[in-house]
Amino acid sequence: MMHNGRAARRQTMRAIRPRRSGALPLLVLCWAGAAAVMALWWQNTPVVHMDLAEWLLGAGRLTGLLGGYAIALVVVLMARVPALERRVGSDRVTRWHSMGGRYAVGLVIAHVPLTVGGYAVQANSEPVAQAVTIVTEFPRMTEATAGAVLLLVIGFVSAGAVRRRTRYETWYYLHLLTYLAVYLSFWHQLATGAEFVGNAAARTAWYTLYGAAGALLVRYRVLDPILLNRRHRMRVERTVYEAPGVVSVLITGRRLHRLGAQPGQFFRWRFLTDGLRWSSNPYSLSAPPRPDLLRITVKANGEHSEALARLEPGTRVWAEGPYGALTAARRSQEKVLMIAGGAGITPMRALFETLPGGPGDLTLLYRASKTEDLALWAELRAIASARGARLLYAVNGPDGVRPEITPRRLRELLPDIDDHDVFLCGPAGLARQSYEALREAGVPTRRIHHESFEM
């Protein structure tokens, strides 16, 4: 399926504004907020006693405050704020969310025994009896206990080993309980937190922090998707078999060019039919968006992706996005190398057609297990021929030996590889191996652009 390549390249050219990543300023801002939280604790702790009870209670208060702050940041990272997605990258935002979740759960785990232990020492009672007293007699502690339990369950299910053995839909809907856990724990923080009782400024700051996080969540996870889908009314036009286990889904709608989607980006798709309506999965655009048509190309890798081949024409589609920063805006050099493998070929195919460049400026290296797995190969050949671009592939040999992507091999293919931008998308193993080879071949880190949710 060929698109109007020249029009797509003109649109892409207008989008190219090389920008620095916003990651560093955001990290500085987050750590500054953590420092402010610690300063609030310190201001309310004029003397650090060596008494064990006081020490435990002080540590419990500090871990509770930092845990509450981390929870608010996790909510912001769940909101899929477009500015974060574009400037930082969806993969990095996802990793920050995961890391922030681990910090939040860890701080809550530390907060509970430290606080219970401090009160137990102070009252000269057993920790279990003291815990029961705290839950039953302290204000808002029943809600806080329920919230803490929910956070621990979500943290357990999100742990790598458990997550890999859990169905995506199960994990996804359990993850939504985070919102309930946040709501339950928030009121406990204000009701019993020594830093907030009698301190109107601290309470106002905490309301502002959580209010802003909630507003971002409602805006970008609820209101914007509703408006997007009411405006564009997308439906499945048809499905197309591309390669063994690979199918393209063509999606029609109204004024799709106003979505603002760029080649290299993805949406989260929900197909409103039996077995799929409760699942929302991310798939990249595999061709430049048109005013009346979008296309995704999916490799069967689970129940959801396998079911897409059976979609009926006319099926309603619910989409959220566009997301992702693997776009032409990352480009800084005239010459570009694209490395793709597996499902990673979908954003690379869209970029291969639309990235501006003259003959010889663009090279695409496509990694697959065997030639039959080279999805969209006919389209890629046609694009390469029309644009004077280089199209290469690397497949396993007859004996199953995998061709390695090495610094030496990269320099043989492109002697001036250190003058290239590199767009990289594929399975974790390929992405990691390619990244290391590119660095050894002399490509600066700032010119290796990748989005991977596994790296």
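The values are calculated or read from the model by the stated rules, or taken from the named source; none is laboratory data. Being a predicted model, the structure only gives us computed values, none of them experimental. Virtual Cβ from ideal backbone geometry, glycine too; neighbours counted across all protein chains shown. Remember, those area values only see protein heavy atoms, side chains included, never the ligands or the DNA or RNA. Shrake-Rupley method; radii C 1.70, N 1.55, O 1.52, S 1.80 Å.
General observations
- Per-pair calculated FRET efficiency, R0 = 22 Å: Y393 and E334 via Cβ, rounded to 0.05: 0.40
- Cα centroid separation - region 295-321 against region 209-236, whole Å: 21 Å
- Debye, to nearest 20: dipole size of region 155-262, +1 on Lys, Arg Cβ, -1 on Asp, Glu Cβ: 520 debye
- Rough spin-label spacing in nm, given labels placed 7 Å along Cα→Cβ, for S369 and V197: 6.2 nm
- The calculated FRET efficiency for the pair M38 and T445, based on their C-beta separation and a Förster distance of 25 Å, comes to about 0.20.
- The antiparallel fraction among DSSP beta bridges confined to the chain stands at about 55%.
- Solvent-accessible area, 1.4 Å probe, carbon plus sulfur percent, for the chain: 59 percent
- Shown here for region 151-244: GluC sites (Glu not before Pro) in loop regions (DSSP other than H, G, I, E, B) with at most 10 other Cβ atoms within 10 Å, of which there are none.
- If the chain linking T208 and L52 were pulled fully straight, counting 0.36 nm for each residue of separation and taking away their Cα-Cα distance, it would gain 52.7 nm.
- For the chain, a crude dipole built from +1 on the beta carbon of Lys and Arg and -1 on the beta carbon of Asp and Glu, taken about the Cα centre, is about 1880 debye to the nearest 20.
- Span from the region 62-104 Cα centroid across to the region 329-344 one, whole angstrom: 27 Å
- Of all DSSP beta bridges in region 278-385, antiparallel share, percent nearest 5: 25 percent
- Inverse of mean 1/r across different Cα pairs in the chain, Kirkwood, Å: 24.5 Å
- Legend: calculated FRET efficiency, M99 to T142, from the Cβ-Cβ distance at R0 = 22 Å, rounded to 0.05, equals 0.15.
- Averaged per residue, the chain has 49 square angstrom of accessible surface, using a 1.4 angstrom probe with ligands and nucleic acids left out.
- Given charges at beta-carbon only (K, R positive; D, E negative), |dipole| of region 390-448 in Debye: 120 debye
- Leading residue at positive end of dipole, the chain (Cβ point charges), from V88, A35, Q333: Q333
- Helix 90-123 and the longest principal axis of the Cα set of the chain meet at an angle near 10°.
- Compared with the direct C-alpha span, the chain from Y241 to R290 gains 15.6 nm at full extension, assuming 0.36 nm per residue.
- The sum of -39500 (n - 2.57) across all DSSP H runs of n ≥ 4, divided by the residue count of the chain, sets its helix-only mean residue ellipticity at 222 nm to -16000 deg cm²/dmol.
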